[in-house]
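**Q** The structure is given below, and queries will be raised subsequently.
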Amino acid sequence: MKKLTAMLLALMMVISLAACSNKTGDDNKDKTNDNPGGQQQGEQGGQQDDIVLWTLSNDLKQFAERYEQQTGNHVEVVVFDSADFSTKIMQTLGGKSKDVDVFVGEPQMLPNFFEAGFSADLSEFDSEVKNRLVDYTYEAGCDEDGVLRAISYQACPGSVIYRLDLAEEVFGTSDPDEIGKLFSSFSAIEDTAAKLQAKGYSIFGDTGSLRWFSISSNPWVKDGQIIVDQDRLDYFDCAVELYQKNQVAFATEWSAPWYASMAGPLPQLADGDDVWGMDKDALMSEGQAGGEGITQVFSYVMPSWGALIVRDNAEGNKGNFGVCSGVCSFFGGGTFLTVNEYSQHKEAAKAFIEFCTLNDDTAQWWLEASNGDVVNNKAVLENNKDYQNESFGNQNTYAFYLKEMEHIDYGMITGYDDPIKEAFGAAIMSVQKGQQTKEAALKEFYTTVITQFPELSIPDDAPVSLG
């Protein structure tokens, strides 16, 4: 892990230097004022407890406003584009900058920040975090030695988000326990897709939805070996089958057709269509006109924040969705707050983090203010487990997510996951498009990973041999 992290850090510093040579400013960040390094100014004319926060999320502006209302202490919030954020942190804190007091990280970023020495020790909150917040978020916030260094105000458990009306039509029920059975294995997903296709519907926008289930049985790396077990081969085969049988809508995640599909019918697209050049409103109009070549997307696989995306794009379909479990429990994303080790205002920074993450009133406020975010506070979630979510058929979604989080195994996560998943996805895509055989694609996958991480090895029982 240390070797991996060192490699990643080195890479990111190279990227940082390249970025510096090509940019004269931070064009992608949302500036709250013209002095994002305002700490120096604050030292002269501001309050001692005023701090600077660097973040990826506009959410924290609302936390900062509430904090100032209640304490009188100002938090200057600077929001960065996600594509630039890690680079900005590595570049700035690599120089031991004191211009930021609190910064955030998503789970996959945290190990790099910890090992670089950027995140201060938050052990004084250890028992509270461990006892009061969702278990996997505690593990994600600890470094390799088990020292707490980051705390999140939200949890991001995963689910399958599905259409209630289509479920009733095709399967005769929209009960989440029953629909969950239709997604309980890759073979079950294949059967479900075939039944939906017979009615003119698509199971997913695209096969990328399946990637969330790629940690159903083993971590990607175990004892230094790259693990491609039977479950991952089943995932591979399922993705190829759905694609080649046209059982998905070819509406790539984050594209206009993908967003349009949440509101109702859309034209059935084909492999190779330029989805990025399409217009959401035009697609919705064409879909509503009906006729030949129209489909509807049945489900989406995403963390809990994805349910908010579906809700906000559902338009007339709002209230016509439910959430259920799938092949395995998972999580994705989440905003963890950490204190800059070089900050001169550590106590003030810790007070703000405590307010955001360990204050029951704050958690209840955010649950209501966000209109659906899953807070990290177990007691608050428990107090709201009977809440009927009108955007999801009056389902008790907080009760569902509480139960789902009990099954998340953070031990499945490794520092190698993102690049390995990317390489595996590329292998799947090459077979989907008929560019390679499965055997050739898997060989290329192993070669790509071993080249990037020479400290890893291929087990003797791997599905293919490079020899």
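The values are calculated or read from the model by the stated rules, or taken from the named source; none is laboratory data. Note that the structure is predicted; figures quoted are calculated from it, not measured. Because the Cβ atoms are built from the backbone with ideal geometry, glycine has one as well, and the counts that use them run over all protein chains shown. The area values use the complete protein model at the heavy-atom level, side chains included, leaving out ligands, DNA and RNA. Shrake-Rupley method; radii C 1.70, N 1.55, O 1.52, S 1.80 Å.
**Q** Nearest 10 degrees, 0 to 90: what angle lies between the long axis of helix 280-289 and the longest principal axis of the chain (Cα atoms)?
**A** Helix 280-289 and the main axis of the chain meet at about 30 degrees.
**Q** If you don't mind, another one. How much mean residue ellipticity at 222 nm does the chain get from its helices, if each DSSP H run of length 4 or more adds -39500 (n - 2.57) and you divide by all residues, to the nearest 500 deg cm²/dmol?
**A** Values: 20 runs with 209 residues, N = 467.
It comes out at -13500 deg cm²/dmol, rounded to the nearest 500.
**Q** If I fit a long axis through the Cα atoms of helix 2-22 and take the longest principal axis of the Cα atoms of the chain, what angle between them do I get, 0 to 90°, rounded to 10?
**A** Helix 2-22 sits roughly 80 degrees off the main axis of the chain.
**Q** Related question: Which of the trypsin sites (Lys or Arg not before Pro) across the range 398-452 are loop residues per DSSP, with 13 or fewer other Cβ within 10 Å?
**A** Counting only loop positions with at most 13 other Cβ atoms within 10 Å, the trypsin sites (Lys or Arg not before Pro) in the range 398-452 are LYS433.
**Q** Separate question: So what's the projected area for the range 58-111, the Cα convex hull averaged over all directions, in nm²? Could the numbers behind the result be given before it?
**A** Numbers: hull surface 17.5 nm².
The Cα convex hull of the range 58-111, projected and averaged over all directions, gives 4.4 nm².
**Q** Compare SER261, SER174, SER217 by solvent-accessible area with a 1.4 Å probe and give them largest first, with all protein chains kept in place.
**A** SER217, SER174, SER261
**Q** Given the peptides 189-199, 132-142, arrange them by the average over their residues of other C-beta atoms within 10 Å, most packed first.
**A** Sorting 189-199, 132-142 by mean packing, highest first, produces 132-142, 189-199.
**Q** Normalized C-alpha radius of gyration of the chain, against 2.2 N^0.38 Å?
**A** On the way: Rg = 23.1 Å, N = 467, 2.2 N^0.38 = 22.7 Å.
The value comes to 1.02.
**Q** Another question, if that's okay. Write down the percent of antiparallel bridges among all DSSP beta bridges whose residues are both part of the chain, to the nearest 5. If you can, show how the numbers build up before the last one.
**A** Details: 26 of 35 bridges.
Restricted to the chain, the bridges split so that about 75 percent are antiparallel.
**Q** Which of the GluC sites (Glu not before Pro) across the range 324-402 are loop residues per DSSP, with 13 or fewer other Cβ within 10 Å? List each step's numbers first, then the result.
**A** Details: sites: GLU341, GLU347, GLU354, GLU368, GLU382, GLU390; in loops: GLU341.
Filter output for the range 324-402: empty list.
**Q** Do any of LYS318/LYS385; LYS199/LYS245; LYS199/LYS280; LYS98/LYS346 go past 18 Å between their Cα atoms, and which?
**A** Flagged as over cut-off: LYS318/LYS385; LYS199/LYS280.
**Q** Would you pull out the residues with amide H under 5 Å of GLN395's amide H, same chain only if 5 or more places away, H placed 1.01 Å from N?
**A** Distant-sequence amide H within range of GLN395: ASN389.
**Q** Ignoring ligands, DNA and RNA, what percent of the 1.4 Å accessible area of the chain is carbon and sulfur?
**A** 45
**Q** For the chain, report the accessible area per residue in Å² (1.4 Å probe, heavy atoms, rounded to an integer).
**A** Here the per-residue accessible area is 43 Å².
**Q** Moving on to the next point. Using only the alpha-carbon atoms, what does the range 352-467 span along each of its principal axes? Please give whole angstrom values in decreasing order.
**A** Largest first, the range 352-467 extends 60, 34, 24 Å along its Cα principal axes.
**Q** List, in order, the whole-Hz ³J(HN,Hα) value for each residue of the range 79-93 obtained from phi through the Karplus relation with A = 6.51, B = -1.76, C = 1.60 and θ = phi - 60°; use x for Gly and Pro.
**A** 9, 10, 5, 4, 5, 9, 5, 4, 4, 4, 5, 4, 5, 6, 6
**Q** While we're looking at this one, here's another question. Give me D for the range 172-239 in µm² s⁻¹, whole number, from Stokes-Einstein with Rh from the Kirkwood sum over alpha-carbon pairs, 4 °C and 1.567 mPa s.
**A** 97
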